[in-house]
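The values are calculated or read from the model by the stated rules, or taken from the named source; none is laboratory data. Just so it is clear, the model here is predicted, and its values are computed rather than measured. So basically every Cβ, Gly included, is an ideal-geometry build from the backbone, and we count neighbours across all protein chains shown. Each accessible area value is taken on the protein alone, full model and side chains, heavy atoms only, with ligands, DNA and RNA left out. Shrake-Rupley method; radii C 1.70, N 1.55, O 1.52, S 1.80 Å.
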Amino acid sequence: MRSARSTIATVRSALEHFLRELRRQRLTDVRRISERHLVRYARRLSTRRSSRGRLFTANSQRVALSAVRGFFRFLLGEGVVLRDPSSELPLPRPQRFPRPVPTEAQARRLMAAPCLSSRFGKRDRALLETLYGS
């Protein structure tokens with residue numbers, strides 16, 4: 001399976017941060033990592049700041065913890081660890097924001113955009129009305 005370069009970079013960055021945190025706790029052997037260590041790491045993520053100085057969002061924390069979980073699944077599959085301490089680690093719920101709804105004026109402009117003198121314009125108008133109506 002191929003992954004996008006940005007995904008690989010994100011996972012790499014998350015794992016590098018995780019490994020730095022482990023070294024800070026003087027943990028150098030992944031076989032000694034317990035659920036307690038992972039819970040502590042998850043709590044630290046909630047106070048971590050991005051490169052722009054903002055607190056990590058729930059989505060950023062979820063990505064970081066998902067990378068850690070994937071790392072332990074890999075280690076388990078390779079026989080490096082005998083059990084996965086991250087299997088019960090809860091992930092933050094992703095934040096979902098309501099989608100913006102176009103104003104009535106915006107909807108009117110959008111519906112008026114297709115040229116109704118061509119069959120493509122009629123098709124486009126029908127598609128827009130269907131999408132807007134749903």
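Accessible area of Asp124 (1.4 Å probe, protein heavy atoms only, ligands and nucleic acids ignored): about 60 Å².
Built from the Cα atoms of the chain, the convex hull projects on average onto 13.1 nm², one quarter of its surface area.
Between Gly70, Gly121, Gly53, which gets the highest mean-square fluctuation from a Gaussian network model of the chain, Cα cutoff 10 Å? Answer for the Gaussian network model of the chain: Gly121. Helix 58-77 and the long axis of the chain differ in direction by around 50°, with both axes built from C-alpha atoms. The tail of the calculated P(r) for region 20-70 beyond 13 Å holds 61 percent of all Cα-Cα pairs. For the chain, the relative contact order comes to 20 percent (Cα pairs under 8 Å, sequence separation of at least 6). What the chain shows is 79 Å² of accessible area per residue, with the surface traced by a 1.4 Å probe over protein heavy atoms.
Think of region 22-134 as having a plus end and a minus end, set by charges on the Cβ of Lys, Arg, Asp and Glu; of Pro90, Ser118, Gln25, Gln25 sits farthest toward the positive end of this dipole. Remark: region 82-130 is approximated by an ellipsoid whose semi-axes, taken from the C-alpha gyration tensor as √(5λ), come to 48, 16, 5 Å, largest first. The label point for Arg36 and the one for Ser117, both projected 7 Å from the Cα toward the Cβ, are 7.9 nm apart.
In the chain, helices alone account for a calculated mean residue ellipticity at 222 nm of -18500 deg cm²/dmol, with every DSSP H run of four or more residues adding -39,500 (n - 2.57). When only alpha carbons are used to place a centre, region 4-35 and region 40-111 end up 15 Å from one another.
Per residue, the convex hull spanned by the alpha carbons of region 44-111 comes to 166 Å³.
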